[in-house]
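Here is the structure we will look at, set down as structure tokens.
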Amino acid sequence: MIVDSVLTNAKAYISKELVDCSLAVDNGKIFKIGKEANMPKASSKLDLKNLLVLPGLIDVHAHLRDEGKAYKEDFTSGTAAAAAGGVTTILDMPNNEPVTMSAEALRNRMEKAEKKVLVNVGFYSEFPKNVKEIANIVKEGALGFKLFMAEQIGGLNIEDDNAILEAFKIVSKLKASVAVHAEDRTMLKEAEQKLKRASRNDIEAFLEAHSENVEAQAVKRILNIITQTNTHVHFCHMSTQNGLEAVISGKKSGLSVTCETTPHHLLLSTEDFGRAGTLALTMPPIRQKRHVSALWDAIKNGWVDIIASDHAPHTLEEKKAKNIWNVKVGIPNLEIMLPLLLTEVKRGRLSIGDITTLMVENPARLFKLEGKGFLKEGNDADLTVIDLNSKYKIDASEFHSKAKYSPFDRQIVEGKPVKTLVNGKLVMDNGEIVSKTGSGKVIRRK
């Protein structure tokens with residue numbers, strides 16, 4: 001038998017150990033792992049020169065835009081950014097134009113993506129107005145639902161606990177998940193209106209509106225709702241000590257609850273606004289250092305399940321709006337998330353095992369991504385190849401994303417993804433995209 005390719009001289013992360021080995025790849029799958037002498041004949045060979053090989057990174061929270069927001073990002077530019085950052089699978093958020101909140105909207109989005117993506121992409125949906133349509137959306141292939149609590153985006157009334165409970169019960173029966181943006185709309189809007197009446201137009205006002213209590217209140221509300229159902233709820237981009245404590249309490253009480261945080265909530269604090277200004281403005285906002293410390297403690301103690309990018313690209317003009325309330329929130333993170341965190345490995349705050357658990361294994365397990373998450377025979381050949389000794393300066397002007405800015409711009413990082421293989425095909429090689437548009441796959445719930 002002749003397989004498609006053999007990757008030699010890999011230092012692969014397998015079963016929580018670094019193993020010197022070769023990998024044979026055939027038909028998009030890992031065919032064999034072992035010594036080079038035991039590899040089958042192959043159509044091509046790739047010498048990885050003792051570089052670190054991880055199972056392909058999975059980002060469960062990214063905004064790829066496209067459709068009516070293609071001027072900010074499209075499926076090709078967003079997935080090119082992912083490949084450049086060593087990410088082989090993305091879960092795309094539904095606050096699009098049009099909002100993804102019906103089987104038809106999801107189908108249209110998937111069909112558009114199939115022609116353009118360079119990595120694997122799965123999709124969330126917002127909740128529809130009629131909860132009876134939830135089953136059709138799941139049948140169409142949605143990997144989960146998003147509940148955005150800070151603003152009314154989907155069809156579900158976010159002020160109605162009974163409506164939320166009804167929707168959650170249906171999702172639970174279908175064995176799907178709900179990702180929650182936990183900021184209490186009532187508290188947030190009341191504070192925002194008060195600050196606007198006082199003619200406040202500064203970053204401090206934005207932080208006051210998006211206070212830590214706004215996050216904690218929303219988390220507690222959802223936890224109270226899911227005591228009546230066994231729905232898996234995943235809290236997105238946790239940012240505060242209070243919010244984390246509520247999530248941890250829910251976990252301890254046996255609720256089906258998981259959570260994520262982001263590179264910017266781990267590595268930036270309110271002190272960075274002086275340097276980065278509104279380029280660092282996001283929702284929920286970056287916090288004071290005590291909250292950053294609480295996030296790191298939660299990672300150390302295993303309470304945080306996932307690190308996700310929350311890649312949220314906008315135009316530079318939108319990021320620099322003169323009125324703080326008009327600034328579009330979000331940070332483009334896909335191509336620098338891994339280098340930023342590998343730098344923390346060098347500093348001793350994380351290990352390669354931590355990165356694999358938080359950015360590969362847990363995402364695959366929690367979102368039921370079959371064939372992903374581990375380097376083993378029969379699994380998808382999604383591989384992230386890393387040079388741990390590559391030291392360089394982040395240059396946002398060279399991003400593959402359309403959003404060519406970053407609060408991390410000009411920062412020195414150490415550790416870089418140098419090759420990304422998706423379904424056995426080399427997509428990124430030393431920063432260059434080497435695969436055809438549309439070579440990635442749309443992942444549908446099975």
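Within the bounds of the range 40-58, is there any residue that is without any contact (Cβ under 8 Å) to a residue 24 or more places away in the chain and more than 21 Å from the chain's Cα centre (by Cα)? No, the conditions are met nowhere in the range 40-58.
If the condition is being aliphatic (A, V, I, L, M) and part of a helix (DSSP H, G or I), then the range 204-233 contributes 205, 207, 209, 214, 216, 218, 219, 222, 223, 225, 226. Would you confirm whether or not the range 6-14 contains a residue that is within 13 Å of residue 374 (Cα to Cα), among the hydroxyl-bearing types (Ser, Thr, Tyr), under 29 Å from the mean Cα position of the chain (by Cα) and modelled with pLDDT under 95? Scanning the range 6-14 turns up no residue that is within 13 Å of residue 374 (Cα to Cα), among the hydroxyl-bearing types (Ser, Thr, Tyr), under 29 Å from the mean Cα position of the chain (by Cα) and modelled with pLDDT under 95.
Meeting the requirement of 2 or more residues that are surrounded by 18 or more Cβ atoms within 10 Å (Cβ to Cβ), the helices (runs of 4 or more DSSP H) wholly within the range 295-396 are 337-346, 352-356, 362-366.
Just the residues that are among the aromatic types (Phe, Trp, Tyr) and more than 14 Å from residue 2 (Cα to Cα), please, taken from the range 13-56. Once the filter is applied, which keeps residues that are among the aromatic types (Phe, Trp, Tyr) and more than 14 Å from residue 2 (Cα to Cα), the range 13-56 yields only 13. Of all residues in the range 234-250, exactly one satisfies the criterion of being in contact with a Gly (Cβ under 9 Å, 6 or more places away or on another chain) and either without any contact (Cβ under 8 Å) to a residue 60 or more places away in the chain or assigned to a helix (DSSP H, G or I) (or both), namely 235.
The values are calculated or read from the model by the stated rules, or taken from the named source; none is laboratory data. The structure displayed is predicted, hence computed values, not measured ones. Neighbour counts run over all protein chains shown; Cβ positions are idealised from the backbone, glycine included.
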